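The structure under discussion appears below in the form of structure tokens.
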Amino acid sequence: MTGSSSWRGRRSEPFRRANRPRVSRRDMSVEQVHVIFGFEGVAFRDPDFYAMSVMATLLGGGMSSRLFQEAREKRGLVYNIYTFPAAYTDGGLFGIYAGTGEREVEELVPLVCDEIVNMSADVTEREVARARAQLKSSILMSLESTSARCEQLARQMLVFGRPLPVPEVVAKVDAVDPAAVMGVARRLRSSSLTFTALGPVSRIEPFERMTQRLT
């Protein structure tokens, strides 16, 4: 009871936007280089929430995504690469993770920046349709798990004050078109980049060069 009452008395710290780009590199004697690109994402109630979800799927949401196809299948630069968007009530984040080698990271970092830029300028209806279908499949499959469904309903009650009917969510995913995907990609580029790298990092280009690629 004591823990419960003390939790009720707390107020979460409000979302604060970063006023400047941030970078962290830690040189470590390990086999892989682990890199993360971080951007400002969107809140649950943001009009771009579903467009950002579709864009995340298209960019780095599985084996058919642009990053996986280009970085792993075509060039063999990474062990793994994926996007991880996260939404909250008053803000969000959009991350890209990659595990790569000491030499490969030199080519990988510019590639990731270029793919984000390309996403803001050239997206086809066929790509978006595939990403929408993948996202909807994920939503529907989550209904098979009791724990995932309970978590989903609790989150919806906290954020929206009501459970969201599945047809309503699916309709919002279906409403996302290429223009919306390119729009959120441009929104991503306009936010401040945060970059972190762990491992043998000497071949990674300067942070300033990354930000120039994204402008």
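The values are calculated or read from the model by the stated rules, or taken from the named source; none is laboratory data. In this text the structure is predicted, and so the values were computed from the model without any measurement. Note that each Cβ is placed from the backbone with ideal geometry, even for glycine, and that neighbours are counted across all protein chains shown. Surface accessibility is based on the protein's heavy atoms, side chains included, excluding ligands, DNA and RNA. Shrake-Rupley method; radii C 1.70, N 1.55, O 1.52, S 1.80 Å.
Calculated [222 nm] ellipticity per residue, helices only, for the chain: -14000 deg cm²/dmol; basis is -39500 (n - 2.57) per DSSP H run with n ≥ 4, divided by all residues, nearest 500. Across the alpha-carbon set of the range 51-207, the Rg to Rh ratio works out to 1.00, Rh being the Kirkwood radius. Sorting 150, 113 on solvent-accessible area from highest to lowest, probe radius 1.4 Å, gives 150, 113.
Overall, the range 53-147 carries a charge dipole of about 340 debye about its Cα centre when +1 sits on the Cβ of Lys and Arg and -1 on the Cβ of Asp and Glu, all other atoms neutral.
Modelled label positions at residue 164 and residue 126, each set 7 Å beyond Cα in the direction of Cβ, lie 3.0 nm from each other.
Considering only C-alpha atoms, what is the centroid distance from the range 102-173 to the range 193-207, in Å? Each part's Cα centre sits 27 Å from the other's.
Model label sites at residue 103 and residue 31, defined 7 Å from Cα along the beta-carbon direction, differ in position by 1.6 nm.
Across the protein chains, with a 1.4 Å probe defining accessible surface, the residues 97, 79 rank 79, 97 from largest area downward.
Largest mean-square fluctuation among 125, 40, 106, in a Gaussian network model of the chain whose springs join Cα atoms under 10 Å apart, belongs to 125. Among 42, 30, 123, which one moves the most in a GNM of the chain with springs linking Cα atoms closer than 10 Å? Per the Cα network of the chain with a 10 Å cutoff, 30 tops the list. Here the gap between residue 146 and residue 179, fully extended at 0.36 nm per residue and compared with their Cα-Cα distance, gives a gain of 8.3 nm. The residues 107, 127, sorted by heavy-atom accessible surface at 1.4 Å with ligands and nucleic acids left out, run 107, 127 from largest to smallest.
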